[in-house]
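One structure below.
Computed from the coordinates by the stated procedures, all read-outs in this text should not be read as laboratory data. Computed from a predicted model, the values in this text were never measured in an experiment. Cβ placement follows ideal geometry from the backbone for every residue including glycine, while neighbour counts extend to all protein chains displayed.
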Amino acid sequence: MGYNLIKMQKKLKKYVDESRYVHTLGVMYTAAALAMRYDADLEKAQVAGLLHDCAKCIPNDKKLKLCRQNDIPVSAVEEKSPFLLHAVLGAYIAREKYDVKDQEILDAIACHTTGKPDMTLLEKIIFISDYIEPMRSKAENLPLIRHLAFEDLDLAVYTTLRDTLAYLEKEKTCLDNQTTMAYNYYRQLIEEREKEA
């Protein structure tokens, strides 16, 4: 593939604030470590990790406008909470502005916030890396999930989704249906696996 990660980093640094940039590098390095652990494509993991939040610092009203201009579907939940659009808009920007044509990378960027049922290995790696990268400190069960990420990726995904839903319900925050669907899928997967054990 031959992506120039240094060039991408320099470009990205112009469009995100400093704390977002530091977070992004953390996700890229964490994704690289998980890719090595699970024998995933290292370059794809780094590119997806680096660009996962490339649309995060775009103002919310502009996120909505860009989605409408570029025929990116916006759900009712996203209409109310446009910050959720940074994932799907990020996939669009990665393709158009960073010349990422690999659909697997774009899909991993697009679902990194909500997760989705039956994620690919790369999608799971980016979803988890965003949650556990070294600068993260507030999430409940973070040490456990960091450990699980390198031992049992599906269990790490399930635990992250469970904790995310619990947090969103407690905070009375807008909940994307995709997260609930992802949680139900991975809960069933883990339950079935435990029955077989």
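Among the candidates LEU155, LEU148, LEU161, LEU84, the residue that is without any contact (Cβ under 8 Å) to a residue 60 or more places away in the chain, closer than 26 Å to CYS54 by Cβ and assigned to a helix (DSSP H, G or I) is uniquely LEU161. Of the residues making up the range 68-89, one or more are touching a Cys at 6+ places or on another chain (Cβ under 8 Å), charged (D, E, K, R) and surrounded by fewer than 20 Cβ atoms within 10 Å (Cβ to Cβ). Within the range 110-117, does at least one residue satisfy the condition of being surrounded by fewer than 17 Cβ atoms within 10 Å (Cβ to Cβ) and either over 15 Å from the mean Cα position of the chain (by Cα) or farther than 24 Å from CYS54 by Cα (or both)? No - not one qualifying residue is present in the range 110-117. Of all residues in the range 30-52, those that are in contact (Cβ under 8 Å) with a residue 24 or more places away in the chain and not in a helix (DSSP H, G or I) total 3. Would you be able to say whether some residue in the range 66-78 is in a helix (DSSP H, G or I), out of contact with any Ser or Thr (no Cβ under 7 Å at 6 or more places or on another chain) and under 23 Å from MET8 (Cα atoms)? Yes, the conditions are met somewhere in the range 66-78. Among residues of the range 1-29 that are closer than 19 Å to ASP41 by Cβ, those with a Cβ under 7 angstrom from a residue that is assigned to a helix (DSSP H, G or I) and not hydrophobic (A, V, I, L, M, F, W, C), sequence gap 6+ or separate chain, pair up as MET1/GLU43; TYR3/GLU43; LEU5/GLN46; VAL27/GLY49; VAL27/SER129; VAL27/ASP130; MET28/GLN46; MET28/GLY49. Residues in the range 89-123 that are closer than 22 Å to THR30 by Cβ, among the aliphatic types (A, V, I, L, M) and part of a helix (DSSP H, G or I): ALA91, ILE93, ALA94, ILE105, LEU106, ALA108, ILE109, ALA110, LEU121, LEU122.
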